[in-house]
Amino acid sequence: MRVRFWGTRGSIATPGAGTNHFGGNTSCVELTTAAGDLLLFDCGTGARQLGAALMAQGKKAINANILLGHTHWDHIQGFPFFTPAFVKGNSVAIYGPEGSRGSLHHVLAGQMEFTYFPVALDQLPAAITYHDLTEGIHNIGGVRVAAQFLNHPAMTVGYRVEADGVAMVYLVDHEPFSDELWRSGSEPGLIESILHEGDRRHAKFMADADLVIHDAQYTPEEYPSKKTWGHSAYDYAVQIAAAAGVRCLALTHHDPTHNDDFISDIERKARTLALQCGTGLEVFYAYEGCELALEPRSTLKPFVTAAPFQASVAQRQFRILVVDDQPDTLTLIVRALEGDQYIVSAASSGQEALRMIDEHLPDLVVLDYKMAGMDGMAVMRTLRAKPKTRALPVLMLTAMTDEPSTRAGFEAGVTDYVTKPFSIPQLTARVRACLARSQLP
Ligand SMILES: [Zn+2]
Ligand SMILES: [Zn+2]
């Protein structure tokens, strides 16, 4: 398997003398298997040069599979300049997460409307197909690919590809689920010791990979002021990759304010931290033009073994109950979820919520932790004690970011634990992830 970086920058293209080495183009990575399958991860501005390089190979037909983590600008802006799409006889299959506000085709057509671009998406001569996907196992080209939700203020998925006896995992535009990575009293550095279920799932998804490409837009010092923006600092990526037994970690989605000198400096720090982890993890900051050949090994523990499946939330309408004793927060959340086409009801106390759940079982409960009278934890205990609501998905919403509260939440059986302050897009993405997972067989 061969992997090449064509775009490593996050948020916006950042050309100039100061970014010559690590690169100024936004996210785009090329993967080629020994059998010749071509998979592109994201289609930021780096996709222009990649398209030109593919055309220069002079092949009779180019069959490209584009796997988008999500459709924020820095991940799709290169598509209108991806020249293979302008040639009849080529085929381009585009995969991306099933969003809540329109299909992948609709979103991509949006940036090519006449106001923004002279050629409409439907006028492109290549055979273009669109595949809305979600968490699950997918056949893409001749390759089996696992997708898993990331934590970002938009529906975003990470991808795991296993082919040619190696595993490559692409996890870009993701931030930690919790401030604390480790559960207190447990041995740090092990997957089982990870506090938040979301971070543990994230670690398992990259377990034993040969190469993980991970978001590391910020430094650990910058991260607190950028919380909820959907990006990681290198310390999170390094520690979680080490715990997962990853061999090589490429940090990417560089912040536009970080020049080459700055990135070289944080690369040294990230390497020092990796050494301290003591697992032999190799770390580098991805740069444009960087090409890696991953050699097959017999010891790969496969993750992608199941038959293809996916958890979709597009086929039917879901009922959500929101429980919060703060009227303003309650209204805000109800409106946001109604905007995503769910049937939403509201309760302003724990007792009222239990009564409503008893009368009509919702598909998901969004539950505030701290409430006057019966609090969220008491509601949880009641729900988990009854057979009818034992498996009811509950997303707990809380200002309690500390380790003991997070641990107590998961021990009480919450499905997800979202801490305040949160942004509405982040909350709606987490709600959708909970609903999608509840549809898994
Ligand atoms: Zn991005
Ligand atoms: Zn994004």
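The values are calculated or read from the model by the stated rules, or taken from the named source; none is laboratory data. Just so you know, these numbers come straight off a predicted model, no measurement behind them. Every residue, glycine as well, gets a Cβ built from its backbone with ideal geometry; the counts of neighbours run over all protein chains shown.
Condition check ((1) crowded, with 24+ Cβ neighbours inside 10 Å; (2) part of a helix (DSSP H, G or I); (3) free of Cβ contacts under 8 Å to residues at least 12 places away in the same chain; (4) within 16 Å of ligand 1 (Cβ to nearest atom)) across all residues:
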site	(1), (2), (3), (4)
207	no, no, no, no
212	yes, no, no, no
225	no, yes, yes, no
228	no, no, no, yes
238	yes, yes, no, no
245	no, no, no, no
249	yes, no, no, no
257	no, no, yes, yes
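Could you list, in sequence order, the residues of the range 232-287 that are within 16 Å of ligand 2 (Cβ to nearest atom) and among the acidic types (Asp, Glu)?
Residue satisfying the conditions is 255 alone.
Out of the residues in the range 214-223 that are assigned to a loop (DSSP other than H, G, I, E, B) and in contact (Cβ under 8 Å) with a residue 40 or more places away in the chain, which is farthest from ligand 2 (Cβ to nearest atom)? Before you say what the answer is, go through the steps one by one.
Within the range 214-223, the first condition is being assigned to a loop (DSSP other than H, G, I, E, B), and the residues that meet it are 216-217, 219-222.
Checking which are in contact (Cβ under 8 Å) with a residue 40 or more places away in the chain leaves us with 216-217, 219.
Numbers: 216: 14, 217: 10, 219: 19 Å.
My answer is 219.
Can you tell me how many residues within the range 176-205 are crowded, with 18+ Cβ neighbours inside 10 Å and within 20 Å of the chain's Cα centre (by Cα)?
13
Check the range 71-87 and report whether any residue there is part of a strand (DSSP E or B) and either modelled with pLDDT of 95 or more or surrounded by fewer than 24 Cβ atoms within 10 Å (Cβ to Cβ) (or both).
Quick first cut of the range 71-87, residues part of a strand (DSSP E or B) only: none.
No, there is no match, as no residue in the range 71-87 is part of a strand (DSSP E or B) and either modelled with pLDDT of 95 or more or surrounded by fewer than 24 Cβ atoms within 10 Å (Cβ to Cβ) (or both).
Residues checked against (1) of a type in the set (Lys, Arg); (2) touching a Pro at 6+ places or on another chain (Cβ under 9 Å); (3) within 16 Å of ligand 1 (Cβ to nearest atom); (4) modelled with pLDDT of 95 or more:
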site: 107; (1), (2), (3), (4): no, no, yes, no
site: 111; (1), (2), (3), (4): no, yes, yes, no
site: 116; (1), (2), (3), (4): no, yes, no, no
site: 129; (1), (2), (3), (4): no, no, no, yes
site: 141; (1), (2), (3), (4): no, no, no, no
site: 150; (1), (2), (3), (4): no, no, yes, yes
site: 159; (1), (2), (3), (4): no, no, yes, yes
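Here's the yes/no breakdown for (1) without any contact (Cβ under 8 Å) to a residue 12 or more places away in the chain; (2) within 16 Å of ligand 2 (Cβ to nearest atom):
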site	(1), (2)
17	yes, no
23	no, no
35	no, no
58	yes, no
69	no, yes
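Working only within the range 14-60, note down all residues that are over 23 Å from residue 159 (Cβ atoms) and of a type in the set (Gly, Ala, Ser).
16, 17, 18, 24, 52, 56, 58
Within the range 27-72, count every residue that is under 21 Å from residue 165 (Cα atoms) and among the hydroxyl-bearing types (Ser, Thr, Tyr).
2
Kindly indicate which of 71, 8, 45, 83 is of a type in the set (Val, Ile, Thr), under 25 Å from residue 123 (Cβ atoms) and under 18 Å from the mean Cα position of the chain (by Cα). Spell out the reasoning first.
Numbers: 8 fails: under 25 Å from residue 123 (Cβ atoms); 45 fails: under 18 Å from the mean Cα position of the chain (by Cα); 83 fails: under 18 Å from the mean Cα position of the chain (by Cα).
Exactly one of 71, 8, 45, 83 is of a type in the set (Val, Ile, Thr), under 25 Å from residue 123 (Cβ atoms) and under 18 Å from the mean Cα position of the chain (by Cα), namely 71.
Does residue 132 count as in a strand (DSSP E or B) and among the charged types (D, E, K, R)?
When the stated conditions are applied, residue 132 passes them.
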